[in-house]
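*Asks:* Sharing a structure with you now.
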Amino acid sequence: MTTADASWSVDELAEVDDEPKGPVGKAFRLSAADSLSLGNALCGFLAVCVLAYSAISQLQANQAFEPEPRYFATAIVLLLIGATCDLFDGLVARRFRASAMGAELDNLADVISFGFAPAFMVVIWAAFSPEGLPLWLVLCAAGSVLTAGVVRLARFACVKTKSGDFMGLPIPMGAMSVVSIVLLFRPSPVALAGIFAVAWLMVSRIEYPKPKGQLAAIVLGWIMINVACLTVWAAWPEGGDTLIKVGASMQIALVTAIPLRMLMFKRAQRKERRAVG
């Protein structure tokens, strides 16, 4: 055997060793839970398309861009539908079966719907505003949402807490909090500071309880109520404006109340340890 033949044989053996083993065909089969994850990703993509279309159509007509409530409402409804899919895909996977791609598809879909879509919404909301905010500041706020969401999902895949709860604000709640800020406030440095705070909560070590049992039912009910409020807002902006502001305020209150509650709980624990010691 020549030297060339020997080297070719070594390369061929290396390729054979690198080939995946096991039932490879099963990795390409989508389960019912995977379909929900794909639906989540599609909702995020459509939300971005709706927002982009609202800006492009007005700019093509040589009009000053002003975000229209009906486009924002449509985009947010799509994100809420994506959040519903995200809530159910884990339940369906546990109830029936999960494919080999389930966890990866879920994370990729979450990046689109709860990372990129709300970040793009921040750009549409603030970059064209008459308040004249610096573009670099708007992009930093939007980028912080996307970056924090990606880090949050990567950490969730690698780190498990002892209590089983979420470490940091879950990305769907983070996305809905960003949306709530966009709905409640005009673009301003203070509103952008709130968006930075949401991004920080996503990568913080504050533990948020997982929605289980009754809590999961409450979360689902909250999502459905918000979808109903947004639908009313899109169809009847004058009457629905109060409803959506109440829903957005409740979301921000919920997200800020949990860290305060955890801080109070830890402070009480420290006092108990000092008393015992």
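*Asks:* Amide H neighbours of residue 207 under 5 Å, counting only residues 5+ apart in sequence or on other chains, H built in-plane at 1.01 Å?
*Replies:* 168
*Asks:* Here is a further query. What does the net charge come to around residue 118 if you take all other residues with beta carbon closer than 14 Å to its beta carbon, with K and R at +1 and D and E at -1?
*Replies:* After counting each charged neighbour, the total is -1.
*Asks:* Compute the distance in nm between two label points, each set 7 Å from the Cα along the Cα-to-Cβ direction, one at residue 260 and one at residue 108.
*Replies:* Using points 7 Å along Cα→Cβ, the separation is 4.1 nm.
*Asks:* Where does the charge balance sit around residue 131 when Lys and Arg score +1, Asp and Glu -1, over other residues with C-beta under 14 Å from its C-beta?
*Replies:* 0
Coordinate-derived values only; no laboratory data. This structure is a prediction, so every number in the text was calculated from the model and none was measured. All Cβ positions, even for glycine, are placed from backbone atoms using ideal geometry, and neighbour counts span all protein chains on display.
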